[in-house]
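The values are calculated or read from the model by the stated rules, or taken from the named source; none is laboratory data. Just so we're clear, the structure is a prediction, and the values are computed from it rather than from any experiment. Note that each Cβ is placed from the backbone with ideal geometry, even for glycine, and that neighbours are counted across all protein chains shown. Quick note on the areas: whole protein, heavy atoms, side chains included, nothing else; ligands and nucleic acids left out. Shrake-Rupley method; radii C 1.70, N 1.55, O 1.52, S 1.80 Å.
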Amino acid sequence: MHRSKRGQLAKLRGEMVRCRLAVAAAREEMIESLGDFMCGSGTPPGQEDIRALERLCEALEEAETAYARRLAAPPEHHPAVLRLRVG
C-alpha cells in the first residue's frame, strides 16, 4: 500500500474511532439520565440531547463512509486512476 494512502487511512480511521467514542459517551449519558429520571431523580434527556446524539451519529456515518471509500480506492499510481486524470 502506498505511504500517502496509509497516512490518509490512519487519519480517517482515527476520526472514525473518535466519532464512535463520542457516540458511545453520548448514548451512555442519555441512558444514565433516563435511568435517573425513571428512578425519581434528575430530568430525562431533552430535545437538544437527542439532536446532539443525532449529529454525532451522522458524523460517525460520514467518517465510516469516508474511510470505506478511501480503503476501496485504487492507489494514485494505479492505471485506472491515471486514465481518469488523462481522459
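For the residues ARG13, ARG6, the requirement of being without any contact (Cβ under 8 Å) to a residue 24 or more places away in the chain and assigned to a helix (DSSP H, G or I) singles out ARG6. For segment 49-69, filtered to residues that are at pLDDT 95 or above and open to solvent by 100 Å² or more (accessible area, probe 1.4 Å), the residue that is farthest from LYS11 (Cα to Cα) is ARG51.
Among the residues of segment 20-61, how many are free of Cβ contacts under 8 Å to residues at least 24 places away in the same chain and either on the phi < 0 side of the Ramachandran plot or in a helix (DSSP H, G or I) (or both)?
From segment 20-61, those free of Cβ contacts under 8 Å to residues at least 24 places away in the same chain are 21, 24-25, 28-51, 54-55, 58, 61; that's our starting set.
Subset that is either on the phi < 0 side of the Ramachandran plot or in a helix (DSSP H, G or I) (or both): 21, 24-25, 28-39, 41, 43-51, 54-55, 58, 61.
Within segment 20-61, residues that are free of Cβ contacts under 8 Å to residues at least 24 places away in the same chain and either on the phi < 0 side of the Ramachandran plot or in a helix (DSSP H, G or I) (or both) number 29.
Considering only residues in segment 70-87 that are at pLDDT 70 or above and of a type in the set (A, V, I, L, M, F, W, C), the one that is surrounded by the fewest Cβ atoms within 10 Å (Cβ to Cβ) turns out to be ALA72. Scanning segment 13-22 for residues that are open to solvent by 50 Å² or more (accessible area, probe 1.4 Å) and under 12 Å from ALA59 (Cα atoms) yields a count of 5.
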